[in-house]
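This report refers to the structure that appears directly beneath it.
The values are calculated or read from the model by the stated rules, or taken from the named source; none is laboratory data. Because the structure is predicted, anything quoted here is derived from the model rather than measured. Using ideal geometry, Cβ is built from the backbone for each residue, glycine included, and neighbour counts are taken over all protein chains shown. Heads up: the accessible areas ignore ligands, DNA and RNA and are worked out on the full protein's heavy atoms, side chains in. Shrake-Rupley method; radii C 1.70, N 1.55, O 1.52, S 1.80 Å.
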Amino acid sequence: MISRLEGLKVYKAEIKNEVEHLLTRVERAQRDIDYFESTRESTTCVEVDEDLVEKQLNEDAEEKRKVKLMLNASCDSMLAGIKSLKIVKKTGDTHGSWMTDPGKDHLKIYFLSGSKNNVILEFANIRAFSEMNHKLTPRRVNLPSSWQGTGHVIYNGFLFYHRYGSLNEIVKYNIQRRKVTDRMLLPGAGQIPAYELFPDTKIDLAIDEQGLWAIHAEPDTSGNLVITKINHMTMTVEHTWDTSCNSKNAEAAFLMCGTLYVVYNSPSGGTSRIGCVYDVLDTINAYEIRMLPFPKRQRSHSMIHYNPKEKQLFAWANGSQILYKLQTKQKV
């Protein structure tokens, strides 16, 4: 009996080994089956994806063609550096905006003090502005409503501004005739600040060689900036782009030749720098010009606007009105 039990144990061990071996072969066969199935599925997916990619590329190419036609994209300059600055004057509130009209031949300076106000001061030229005294009294223009933030612009004799108390209403105001000529609502804008470091500005308007633009941020884009091309004649949206530039630690932005340049700083104040670039035509390598510093520590800016006629930046920093000269180069 003992010898037969020993034999049964051996037989049991052999059967166990055979079963384990069989299970191993089954597992291996299952892996092979899974591999061939996945290979077949992935081949099919690749074929479908290639079709989708080709379709997407065609759509992107058509979209770029339409944008080029819309913008009449003859401007081929890009920012290469910020050469120098000139503090023209230190006056008014800590925050504000000042500018010329790049659509007109005159040299008038427009001074809009504060992030909520309804008074424009118009000076004959930059000398009259910088020497401001009782002999050089500026023309005073009272608006029918206050502006919100510092993102307003003047173009072709009209002031465009975000109306205070509205979510996203942009007003077009004829400065010479002193009357509102048109209004529009900017979809998606006004919910959160355009720039985290200057929350008063919800909509930042801009002028470049292509005309009128609007910059804002939306919660749905996780705070990324959205830029909109606006027809300044009809006050209608022509096109909108969701950019990869975030509003966190941003203090201002400007457009030049259809390219958005976002200026960042630290919450405690420091050296302003361009930290993100977005070109609507995708014709420049944004990484080439990231982290461009401004030439002097200004603590913070509440407004930076590009003037396409003078090819320089108008800025407002802690009550100082500043001009920045730019260094440019041709887009690749």
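With each label point set 7 Å from Cα along the Cα-Cβ vector, what nm distance links Arg140 and Tyr287?
Result for the modelled spin labels: 5.6 nm.
Whole number in Å², please: accessible area per residue of the stretch 75-330, 1.4 Å probe, ligands, DNA and RNA not counted. Show your work: numbers first, answer last.
On the way: 10490 Å² over 256 residues.
Per-residue value: 41 Å².
Grab the Cα-Cα distance for Ser244 and Ile87, subtract it from 0.36 nm times how many residues apart they are, and report the gain in nm with one decimal.
Details: separation 157, 0.36 × 157 = 56.52 nm, distance 3.22 nm.
Contour length minus the Cα-Cα distance gives 53.3 nm.
Evaluate the distance, in nm, between pseudo-label points positioned 7 Å from the Cα of Lys296 and of Asp220 along their respective Cα→Cβ axes.
Spacing of the two 7 Å Cα→Cβ label points: 4.4 nm.
Over the stretch 219-332, what is the relative contact order in whole percent, taking alpha-carbon pairs under 8 Å and six or more residues apart? All intermediate terms of the calculation are to be shown ahead of the outcome.
Details: 212 pairs, mean separation 19.1, N = 114.
The normalised contact order for the stretch 219-332 reaches 17 percent.
For Arg183 and Asp51, what does the FRET efficiency come to when R0 = 51 Å and r is the distance between their Cβ atoms, rounded to the nearest 0.05?
Numbers: r = 45 Å, r/R0 = 0.88.
Efficiency computed from Cβ-Cβ geometry: 0.70.
Given the peptides 234-244, 208-218, arrange them by the average over their residues of other C-beta atoms within 10 Å, most packed first.
Working: 234-244: 14.3, 208-218: 23.5.
Top to bottom by mean Cβ count within 10 Å: 208-218, 234-244.
Counting only residues 5 or more places away or on other chains, whose amide H sits under 5 Å from the amide H of Cys245 once H atoms are built in the peptide plane?
Leu225
Sorting check: for 91-99, 319-327, 145-153, 250-258, which peptide has the highest mean count of neighbouring beta carbons within 10 Å, and how do the rest follow? Mind showing how you got there, number by number?
Numbers: 91-99: 20.2, 319-327: 17.6, 145-153: 23.7, 250-258: 25.6.
So the peptides 91-99, 319-327, 145-153, 250-258, ranked by packing, come out 250-258, 145-153, 91-99, 319-327.
Once you treat every alpha carbon in the stretch 75-330 as an equal point and sum by Debye, what is log10 I(q)/I(0) at q = 0.07, 0.08, 0.14 Å⁻¹?
Rounded to two decimals, the profile gives -0.20, -0.27, -0.89.
Computing the accessible area with a 1.4 Å probe over protein heavy atoms, can you report the carbon and sulfur percentage for the stretch 75-330?
For the stretch 75-330, the apolar C and S fraction of the accessible surface comes to 46 percent.
Please calculate the 1.4 Å probe accessible area of Lys331, with all protein chains present, and give it to the nearest 10 Å².
Approximately 30 Å² of Lys331 is accessible to the 1.4 Å probe.
Take the cross-link list Lys86/Lys331; Lys202/Lys309; Lys90/Lys202; Lys86/Lys311; Lys90/Lys309; Lys86/Lys296 and give me the ones stretching past 21 Å between alpha-carbons. Don't skip to the answer; put the middle values down first.
Numbers: Lys86/Lys331 27 Å; Lys202/Lys309 26 Å; Lys90/Lys202 25 Å; Lys86/Lys311 14 Å; Lys90/Lys309 24 Å; Lys86/Lys296 10 Å.
From the list (Lys86/Lys331; Lys202/Lys309; Lys90/Lys202; Lys86/Lys311; Lys90/Lys309; Lys86/Lys296), the Cα-Cα distance tops 21 Å for Lys86/Lys331; Lys202/Lys309; Lys90/Lys202; Lys90/Lys309.
Using Cα-Cα distances under 8 Å and only pairs 6 or more residues apart, what relative contact order does the stretch 75-330 have, in percent?
Over the stretch 75-330, the number comes to 22 percent.
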